[in-house]
1. Kindly express, to the nearest 10 degrees and within the range 0 to 90, the angle between helix 204-233's C-alpha long axis and the longest C-alpha principal axis of the chain.
2. Bin width 5 Å, origin at 0, all Cα-Cα pairs of the stretch 88-135: what percent of pairs per bin?
3. Where nothing but the Cβ of Lys and Arg (+1) and of Asp and Glu (-1) is charged, how large is the charge dipole of the chain around its Cα centre, in debye to the nearest 20?
4. Quick one: angle between helix 13-36 and the longest Cα principal axis of the chain, in degrees between 0 and 90, rounded to 10, please.
5. What are the extents of the Cα atoms of the stretch 1-91 along their three principal axes, in Å, largest first?
6. So what does the Cα-only Debye profile of the stretch 145-210 read at q = 0.12, 0.19, 0.23 Å⁻¹, as log10 I(q)/I(0), no solvent term?
7. Which values of log₁₀ I(q)/I(0), to two decimal places, follow from the Debye formula for the stretch 10-50 at q = 0.22, 0.34 Å⁻¹ with a uniform point scatterer at every Cα?
8. List the aspartates and glutamates whose Cα sits under 14 Å from the Cα of Lys239, skipping any in the same chain fewer than 8 residues away.
Amino acid sequence: MTFFTWRRNVASFEESKIIFYLFFALVLFSVLILWIYREKINNYFNQKNKTKFLFNKLTVEQIFIVIGSIALFFCFYRIIILIISDYPWKWELLPLHMCRFFIFLLSFLYIFKRGYLVKYFSILAILGGIVGFAFANIGIVEEFIKGDRIYNSFVPGTREYERAGMNVGYDTREMWDFALSHGFVIFMPVFTHIVYGKKAQLTLYSLTRGLIFLFIIGILTFFLNWILNAVAENTDNAKLKISLNANWLYLGKDGINTLGILTQWPYALITFSFLIPAVLYLSYFFYIFLISFKFKFNKYNIVNKIKVLKYKKILRETNENISWKSAFIFNAKKAKLN
């Protein structure tokens, strides 16, 4: 085995959990630091007398282009590695799982200088990253073990048969890819919000528009899962069955067992259609609660005072420029003119 395997190398995921969750804690701590110093970071990147950063070489937009390009490179690099190593679950090569999808989306937004559009999906991306860390399925998963054995026709009693599945540890590229990708969708939306400031301000209006976009993606993904699942069920080719047994966004036939039958096929789509909006709106009000804290610093940039603004005032100010009726009329007029 080598570092570039998607199976276990030497260390197992169980042996690597301390490192894995320490990295998760580091990501959360970094986000906390970003949040505390958000005003200073925003002021730094939006100075009127300074247009270039990173050794006075790049503008803010160019920094995001570089970040987006690097992230996109590693996305395609992962896909190529999995193709070369004949990864059994070929459907996963198409990045429609939540966090992989958001990495691609963020990368393209950065490259095309539209990073401020993060306001439409940032909460969902952050929650997706946190859930990914909390319920990481890169250890011993019977479904993966069985699928790997069937796909590669491993013989019982052999070393390959016993070590089938993933169960990746700190000595594999796959564990670090998982950790870094989920850390990316937690850290980068927060950083992007802070840098763009009001241009990327999260409001009830932007959250609702993002939910509509997500609902459309969910419907399309549901039917794409359905089509590939049907093909898999109607073939006698064992490899093809495993390759095409799609479960993007956990809307496939395998679903997810979190809430029993409610998160199983075909009820998962209905359950998520009610559950996700509820979680997102609750998270939005938690976000309003967080931004009500204003931090003051001494000359050493250490927090020496915390001011708490009124919750209702913050909610009103955050949404004061949003008129649902006027936004609808504006979009209708724009469509008519076009």
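The values are calculated or read from the model by the stated rules, or taken from the named source; none is laboratory data. As the structure is a computational prediction, the values presented were derived from the model and not from experiment. Every residue, glycine among them, receives a Cβ derived from its backbone with ideal geometry; neighbour counts consider all protein chains shown. Accessible surface areas use protein heavy atoms only, side chains included; no ligands, DNA or RNA. Shrake-Rupley method; radii C 1.70, N 1.55, O 1.52, S 1.80 Å.
1. That helix lies at roughly 10 degrees to the long axis.
2. 5, 21, 25, 22, 17, 8, 3, 0
3. On the way: 39 positive and 19 negative charges, 492 e Å.
Here the chain has a charge dipole of around 2360 debye.
4. For helix 13-36, the angle is close to 10 degrees.
5. 53, 29, 25
6. -0.58, -0.82, -0.99
7. Per q value, in the given order, log10 I(q)/I(0) is -0.73, -1.00.
8. Output for Lys239: Asp86, Asp148.
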